[in-house]
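S.K.: One structure coming up, written as C-alpha cells, with questions to follow.
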Amino acid sequence: MNTPVGIAALACNLTSVFYLIQKYFDRIWGIRLGIEKSRLTKIRDNLRVEVTNFVGWLGLKILVLVPFTLSVAN
C-alpha cells in the first residue's frame, strides 16, 4: 500500500514544484505567454496548485503515519 501512495504523493509534489518554478522564472524574466488570463482563470490555477500541494502533503503524512500506527498496533 505504501508504494502507490508514495508515488502519488511524489507525483503531486513534483507537479506543483515544477509548475511553481516555471511560474516564478517567467515572472523573474518578464515572460508573458499568450494573452492575459482572466481573474477567474488565475484563481482556478492557484487553487489547483494549492490543492495539489495539500494532496501531496496529505499523502506524505499518510505514508509516514499509517505504517507507524500499524507497527504500534501489532
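Any read-out appearing in this document is the output of simple, stated calculations on the displayed coordinates, not a laboratory observation. Predicted, not measured: the structure shown is a model, and the values here were computed from it. Cβ placement follows ideal geometry from the backbone for every residue including glycine, while neighbour counts extend to all protein chains displayed.
S.K.: Please find, within region 1-58, the residue that is nearest to Thr69 (Cα to Cα) out of those that are out of contact with any Leu (no Cβ under 8 Å at 6 or more places or on another chain) and among the acidic types (Asp, Glu). Spell out the reasoning first.
M.R.: Kept after step one, since they are out of contact with any Leu (no Cβ under 8 Å at 6 or more places or on another chain), are these residues of region 1-58: 1, 3-4, 7-8, 10-12, 14-25, 27-48, 50-55, 57-58.
Those left that are additionally among the acidic types (Asp, Glu): 36, 45, 50.
Working: Glu36: 49, Asp45: 36, Glu50: 28 Å.
Checked region 1-58; the qualifying residue nearest to Thr69 (Cα to Cα) is Glu50.
Per-residue answers, yes or no, for (1) touching a residue at least 12 places away in the same chain (Cβ under 8 Å); (2) touching a strand residue (DSSP E or B) at 6+ places or on another chain (Cβ under 9 Å); (3) of a type outside the set (D, E, K, R); (4) surrounded by 10 or more Cβ atoms within 10 Å (Cβ to Cβ):
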| site | (1), (2), (3), (4) |
| --- | --- |
| Val5 | yes, no, yes, yes |
| Leu10 | yes, no, yes, yes |
| Asn13 | yes, no, yes, yes |
| Gln22 | no, no, yes, yes |
| Glu36 | no, no, no, no |
| Gly59 | yes, no, yes, yes |
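S.K.: Do the conditions hold for Asp45, that is, is it under 16 Å from the mean Cα position of the chain (by Cα), surrounded by 11 or more Cβ atoms within 10 Å (Cβ to Cβ) and not hydrophobic (A, V, I, L, M, F, W, C)?
M.R.: yes
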